[in-house]
1. Quick one: would you say G122 is modelled with pLDDT of 95 or more, closer than 20 Å to T24 by Cα and within 17 Å of the chain's Cα centre (by Cα)?
2. Return the pairs, sorted by first residue and then second, in which the second residue is open to solvent by 30 Å² or more (accessible area, probe 1.4 Å) and modelled with pLDDT of 95 or more, the first residue lies in the stretch 68-79 and is under 14 Å from F31 (Cβ atoms) and among the aromatic types (F, W, Y), the beta carbons are less than 9 Å apart, and the residues are 6+ apart or on different chains.
3. If I filter the stretch 100-117 down to residues being out of contact with any helix residue (DSSP H, G or I) (no Cβ under 9 Å at 6 or more places or on another chain) and outside any loop (DSSP other than H, G, I, E, B), which single residue comes out as least open to solvent (accessible area, probe 1.4 Å)?
4. Which ones in the stretch 65-79 are open to solvent by 50 Å² or more (accessible area, probe 1.4 Å) and either more than 25 Å from I226 (Cα to Cα) or under 17 Å from the mean Cα position of the chain (by Cα) (or both)?
5. Select the helices (runs of 4 or more DSSP H) contained entirely in the stretch 59-99, then report the ones holding at least 3 residues which are acidic (D, E) and modelled with pLDDT of 95 or more.
6. Within the stretch 21-36, does at least one residue satisfy the condition of being assigned to a helix (DSSP H, G or I), at pLDDT 95 or above, touching a Ser or Thr at 6+ places or on another chain (Cβ under 8 Å) and loosely packed, with under 13 Cβ neighbours inside 10 Å?
7. Any residue that is of a type in the set (S, T, Y), over 14 Å from the mean Cα position of the chain (by Cα) and within 16 Å of V138 (Cα to Cα) - is there at least one of those in the stretch 43-63?
8. Restricting attention to the stretch 176-207, which residues are under 19 Å from W116 (Cβ atoms) and among the charged types (D, E, K, R)?
Amino acid sequence: MKSILIVLSAADHWTRADGSLYETGVWAEEFIVIDEAFHQAGFRVDLATPGGVTPTIDALSLSPDLIGEDTAGRYRGYLDLNAGRLTSPFVLADIDPLAYDAIVIPGGHGPVEDLWKDADMGRVLVEADRAGKLIGSVCHGPVALLAANEDGRWPFEGRRMTAFTDEEEIEFGTAENAPWLLARNLRERGAVFDQGSNWGVFVIEDGNLITGQNPASSAAVAKAVITALES
């Protein structure tokens, strides 16, 4: 049986440029769609967070006004069914990435608060990449790649990837007071960054690295990871 580790942010806020706190966490669609697809594929799926903290699901990502009553109800039901897993994730510092076939990181603005600078996140990614393990991520999740440091070098320099774009951040209304923008930061670090149309499905596969642009790309990222693991 293939085994997947999903790493979730432990943050419940994003510190803005002016020092104010923006309430956030994990974007529901990105976790639920991916987690559900992996289980349906017959994979074992573990969850981990920094410190083993119960992740916060961004309330906005469950708003019926944004995603519709039916989808909001389904997502809440899925979270309720998986409450035990979510309230007792593994501690990221204790994770051996070689015990998994893939490491997958959903987004939400939470990772922009913690995973991008988390040393344990960086270690897991460096060891996974060195071993050729699949690394998948979507939306703001690729910010976790910034935590990786291999002897003073960013191991993802020159790699093709995508993530939530600066244009989408502007349209979403969170760019103006952001301390920095994800896509711009990835480019500055040396990523070969590409993007599709705003809010459209867009996924890039570069060797063992699979990244998706936004929440709508979650299912496509999950499918790409499943296909790669089953090939």
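1. No, not satisfied.
2. Y75/E29; Y75/I57; Y75/I67; Y78/E36
3. Across the stretch 100-117, the extreme among qualifying residues is G110.
4. If the condition is that a residue be open to solvent by 50 Å² or more (accessible area, probe 1.4 Å) and either more than 25 Å from I226 (Cα to Cα) or under 17 Å from the mean Cα position of the chain (by Cα) (or both), then D65, L66, E69, D70 are the ones that fit.
5. 69-81
6. Checked against the condition, which is being assigned to a helix (DSSP H, G or I), at pLDDT 95 or above, touching a Ser or Thr at 6+ places or on another chain (Cβ under 8 Å) and loosely packed, with under 13 Cβ neighbours inside 10 Å, the stretch 21-36 yields no hits at all.
7. Yes, some residue in the stretch 43-63 is of a type in the set (S, T, Y), over 14 Å from the mean Cα position of the chain (by Cα) and within 16 Å of V138 (Cα to Cα).
8. R184, R187, E188, R189 - these are the residues of the stretch 176-207 that are under 19 Å from W116 (Cβ atoms) and among the charged types (D, E, K, R).
The values are calculated or read from the model by the stated rules, or taken from the named source; none is laboratory data. As the structure is a computational prediction, the values presented were derived from the model and not from experiment. No Cβ is skipped: glycine too gets one built from the backbone with ideal geometry, and neighbour counts run over all protein chains shown. Heavy atoms of the whole protein, side chains included, go into the accessibility calculation; ligands, DNA and RNA do not. Shrake-Rupley method; radii C 1.70, N 1.55, O 1.52, S 1.80 Å.
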